[in-house]
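Working notes, structure below.
Laboratory data are not the source of any read-out in this text; all were calculated from the coordinates shown. What you see is a predicted model, and the numbers here were worked out from it, not measured in a lab. All Cβ positions, glycine included, derive from the backbone under ideal geometry; neighbour counts span all protein chains shown.
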Amino acid sequence: MAHEHKLEIFRGLLKFKSNTQKIWGVLIFLTIVTAVEVGLGITKPAALTGSYFLGMKLLNWIFIILTLVKAYYIAWDFMHLRDEKSSLRRAVVWTPIFLVAYLVFILLFEADYIYNVYKDGFVAWDF
Amino acid sequence: MDTTATTGTEENVWGGGNRPLNASYGKLMMWFFLVSDALTFSGFLASYGFSRFKFIETWPIADEVFTHVPFFHGNYPMYYVAFMTFILILSSVTMVLAVDAGHRMKKNAVIWYMFATIIGGAIFVGSQAWEWATFISGDYGALETKGGRILQFVKADSGDRAALADFAKTIPGERTAHERKNGIWYTEEGSLPSYSLREVTEGFKANPNILIRTETINEEGEKTLLNREESLKKLSAATQVVEGANLIHNEYGSRLFADFFFFITGFHGFHVFSGVVINVIIFFNVILGTYERRGHYEMVEKVGLYWHFVDLVWVFVFTFFYLV
């Protein structure tokens with residue numbers, strides 16, 4: 001049981017006086033991030049939907065990165081990974097990240113290939 | 001002979017009671033379970049991505065599907081899902097506060113924070129049930145073609161979506177749903193849509209203000225709108241009327257979209273539901289003083305891990321189902 005808590009977030013930029021205070025601080029941060037996501041999702045600025053990076057819309061990159069940021073703070077502060085031993089933290093975090101990255105890479109490439117087969121395969125799919 | 005001394009230390013290492021990861025057995029097992037559960041959810045989301053990339057040009061746009069807020073009429077994309085997300089994060093916060101109060105052995109604080117967490121979870125599950133009901137009953141209705149593609153209707157002057165009821169004709173003498181009690185007793189059919197295919201096509205021909213929208217997404221990221229001649233031509237390919245969604249047909253577009261919606265949000269909703277049940281059990285244990293007698297509130301911490309995990313998964317479901 002990790003009774004002692006590390007009270008810094010943002011790499012020490014923000015230091016809280018108590019664990020309770022840190023929890024509320026993280027809630028405010030997560031709420032802001034969600035609000036930004038929803039705001040962007042509703043307005044869909046043309047500058048972000050029109051430009052692409054590595055074949056994906058800039059807006060979608062922003063969504064995915066903000067999601068990972070949220071996931072980080074939920075795991076680190078709500079699930080107390082920040083206070084755990086680094087060996088436990090690494091075993092829990094890197095195992096799924098490695099496997100999921102591998103799976104997503106394979107499946108998305110394969111799906112893109114199937115999409116091209118459907119598109120250029122001289123077979124009508126919409127009849 | 002210093003080998004005896006080495007054996008002695010080895011007995012210490014392997015003799016049990018060691019905590020190399022500085023976490024108790026129960027907590028470690030919870031983490032193992034969460035990792036495997038995370039992989040299950042990742043498998044679902046990755047296969048969602050697979051199907052979506054396969055049909056990237058015709059996938060439904062989430063903004064146009066989830067536009068409802070309870071008790072309000074009109075078009076409010078995302079607001080309700082954002083509210084649900086916020087509720088779940090908030091209940092995560094009360095959970096972590098309960099864990100914190102448990103560390104300081106404050107029984108009453110744990111009780112109240114657990115109670116708030118349960119309420120938050122119940123609101124979330126209820127919202128999800130409402131979201132499902134809205135999704136299943138549908139709002140505009142559409143036609144399905146022989147190739148399984150969905151044709152939706154748009155008003156030409158305003159550009160708004162047109163519901164079937166806005167233009168379909170009422171033609172008397174249509175057939176009624178076949179029930180078990182009539183004719184061959186062991187067969188029955190599902191409920192008929194509120195308008196027949198003929199009523200919709202006749203209504204469409206009579207109303208020049210209605211256009212057809214196909215599933216294909218154009219360069220602007222919007223669904224392709226056909227002009228009147230193309231629409232009439234497309235209309236002849238329609239084979240049935242679709243209202244709402246089930247696992248076989250849905251009015252929103254690609255059939256896989258509804259399948260994945262039911263599957264992924266359903267699996268997540270089931271997790272939230274079981275989380276609420278477990279929380280209730282622990283809540284009563286706290287009230288009965290089980291953990292006070294045990295001397296620590298680690299059980300609350302373990303349940304908390306599960307609850308935060310459910311929140312963590314929702315963050316991803318929210319992004320990949322509703323935002324991207």
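Miscellaneous remarks
- Positive-end residue, chain A charge dipole about Cα centroid, Cβ charges, pick of A:LEU58, A:ILE74, A:PHE122: A:ILE74
- Stretching B:LYS233 away from B:ALA206 to a fully extended chain increases their span by 8.3 nm, per 0.36 nm per residue minus the current alpha-carbon distance.
- 10 Å binning of all Cα-Cα separations within chain B, expressed as whole percents from 0 upward: 5, 20, 23, 18, 14, 10, 6, 2, 1, 0, 0
- For the stretch B:233-249, 3J(HN,Hα) per residue [Karplus equation, 6.51 cos²θ - 1.76 cosθ + 1.60, θ = phi - 60°, Hz, x = Gly/Pro]: 5, 5, 4, 5, 7, 5, 10, 7, 8, 10, 10, x, 9, 9, 6, 9, 10
- Spin-label pair B:GLU189/A:LYS6, simplified geometry with 7 Å Cα→Cβ offset, distance in nm: 6.5
- Average Cα contact separation per residue, the stretch A:8-119, under 8 Å, 6 or more apart, as relative contact order %: 16
- Lysine pairs meeting the criterion (Cα under 30 Å, 8 or more apart or interchain), as found in the stretch A:8-119: 12
- Charge context of B:GLU243, other residues only, Cβ under 10 angstrom, K/R +1, D/E -1: -2
- The Rg/Rh ratio for the stretch A:8-119 is 1.07, where Rg is the radius of gyration of the alpha carbons and Rh is the Kirkwood radius.
- Cross-link partners of A:LYS6 among aspartates and glutamates, defined as those whose alpha carbon lies under 14 angstrom from its own and excluding same-chain residues fewer than eight positions apart: A:ASP77, A:ASP83, A:GLU84, B:ASP100.
- Cα-based Lys proximity count in the stretch B:142-243, under 13 Å, for pairs eight or more positions apart or on separate chains: 4
- Percentage of interatomic Cα-Cα distances in the stretch B:207-261 larger than 16 Å: 54
- Rounded to the nearest 10 degrees, the angle from helix B:25-54 to the longest Cα principal axis of chain B is 20 degrees.
- Listed residue (B:VAL200, B:ASN227, B:GLN152) projecting farthest to the positive dipole end of the stretch B:142-243, Cβ model: B:VAL200
- Note on A:ALA46 and B:TRP14: their simple-model spin labels are 7.2 nm apart, each label 7 Å out from Cα toward Cβ.
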